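S.K.: Mind having a look at this structure? Questions to follow.
The values are calculated or read from the model by the stated rules, or taken from the named source; none is laboratory data. Just so you know, these numbers come straight off a predicted model, no measurement behind them. Every residue, glycine among them, receives a Cβ derived from its backbone with ideal geometry; neighbour counts consider all protein chains shown. Quick note on the areas: whole protein, heavy atoms, side chains included, nothing else; ligands and nucleic acids left out. Shrake-Rupley method; radii C 1.70, N 1.55, O 1.52, S 1.80 Å.
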Amino acid sequence: MSGPTSSSPAEATERLRRLRPKPFSHRVARLRRYGWHIAQCSVAAAVAWALAHFVLGHPTPFFAPVAAIVSLGLGYGRRLRRVAEVTFGVALGVLIGDVFAHVFGSGPWQVLVVVALAMSVAVLLDASQLLITQAGVQSAIITTLAPTPQVGFGRWLDAVCGGVVALVAAAVVPRTPLRRPRQTAARVLMDLSGWLEEAAYAVRNRDVDRAYAVLDRARDSDARINDVREAADDGLSVAMSSPWRRGHRADLQAVARLVVPLDRAVRNTRVLLRRITVVVRRGEDLPEATLRLLDDLATATSTLATDVLRQRPPDEVRERLVDVARRSSGVPIGASLSADVVLAQVRSLVVDLLQITGLGNEEALDLVPATGPPSDSPS
C-alpha cells in the first residue's frame, strides 16, 4: 500500500499564500462592506438593553443586547431562523437550569450535570449548533448566577426582547445588499475581460512578466466568486425578510443563477492563462486568428459586465459570442499543443459566457460549431 501523496511545491506555496495576512486595503474594504451590519447590531443592542431595562424593569439585562447581536450577525442570511434559535435555546437552558438549581442547588457537579443535560436534550430535539450552544450556556448561567425562578424567567424575557428588536431591525435594510450581487458579478466579468486582454498582449510582446502577473491575479479570483455567491444569498435573504424589498426577489434569483457559469468561466480562464505563460516562456507563437479571438472575447466580456450591472438584455453580446464561436471553428488545429489548448479554452469560455447571458448548457453548446480540420490535413 502506498503512503499518502505529498503535496507539490506549487500547492504548498498556494496554501502559504492564502495564510498570509490580507493587505490593509482589503481589510478596510471589508470593514466598509460590514459597516451597515456593525451599525445595525450596535443600535439594536442599545435599543434591546433600553427596552429590557426601562420597560421590563430588569436591572442588568445583559442578554437582551446579546440576543439582538447574535440574531442579526454580520450577514443578512437566516436572520429569522437565528432569532428563533436564540430564543428557544435560551428558553430551554433557562427551564432546565432553573428546575435543576431549584431541586439540587448550585455547585460544580450541578453545573456539570445541567450543561450536559441541556445540550443533550437540544441534540435529541435535532437542534442546530447555535441552539445547542445557547441551551448549554444559559443552563450554566442560571445554575450559577441566577438560581431563582424570577431571574431565570427574566433572562428568557431578555432574549425575547432582543429577538423582537432584531426582527424589527432586520426589516430595515438599505438598497446596498440588493445592488451588490450585480456589482460583484460585473466586477468579476470586468476582471476576466482584463485578463484576456493582458494575455493577448503578453503573447504579442513576448512579455513573460506580464503573463505571470495576470495569472497571479486570476489565482486570487476564488474569493471574488465567493463574494458573488454571498452577495446573492444576502440579497435573497433581504428580499425574503424585508416586506419592502420582496419585489427584488426575481432579479436576485437571476443573479444567483450566474454564480455557477461565472465560476466555470473564471476556472477556464485560469487554465488558458497558465498555457499563455508556457507560450511566452518558451517563445512559442499563437495563430493571429486565435489572438483576435482573445481580443474579441475580452470586448464581449466587458460588454456583458455592463449588461449585468445595468440589467440590459444581453442580445448584442450574445451575437458577439456566437460570432467568436463560429470563427473559432475555422481556426485549424494541430499546429502546436499550446495553440490547441488556448483555442479549446476560448471555446469553453464562450459556452460559459453564453450561459451567463441566460442560455442553458445545451443551448450554449449547440451554438459552438465543431472545429475545423487539422492544419496539416488536405483542404
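S.K.: Filter segment 300-334 for residues that are farther than 20 Å from T184 by Cβ, touching a Leu at 6+ places or on another chain (Cβ under 9 Å) and open to solvent by 20 Å² or more (accessible area, probe 1.4 Å) and give the result.
M.R.: R318, R320, V322, R326, R327, I333
S.K.: Oh, and also: Kindly indicate which of V228, V188 is under 30 Å from L286 (Cβ atoms) and at pLDDT 75 or above.
M.R.: V188
S.K.: What is the residue count in segment 321-347 for residues that are among the hydroxyl-bearing types (S, T, Y) and either at pLDDT 95 or above or under 12 Å from L293 (Cβ atoms) (or both)?
M.R.: The qualifying residues number 2.
S.K.: Residue pairs, Cβ under 6 Å, 6 or more apart or interchain, first in segment 352-370 and among the charged types (D, E, K, R), second open to solvent by 60 Å² or more (accessible area, probe 1.4 Å). List them.
M.R.: Every condition considered, the pairs that remain are D352/R264.
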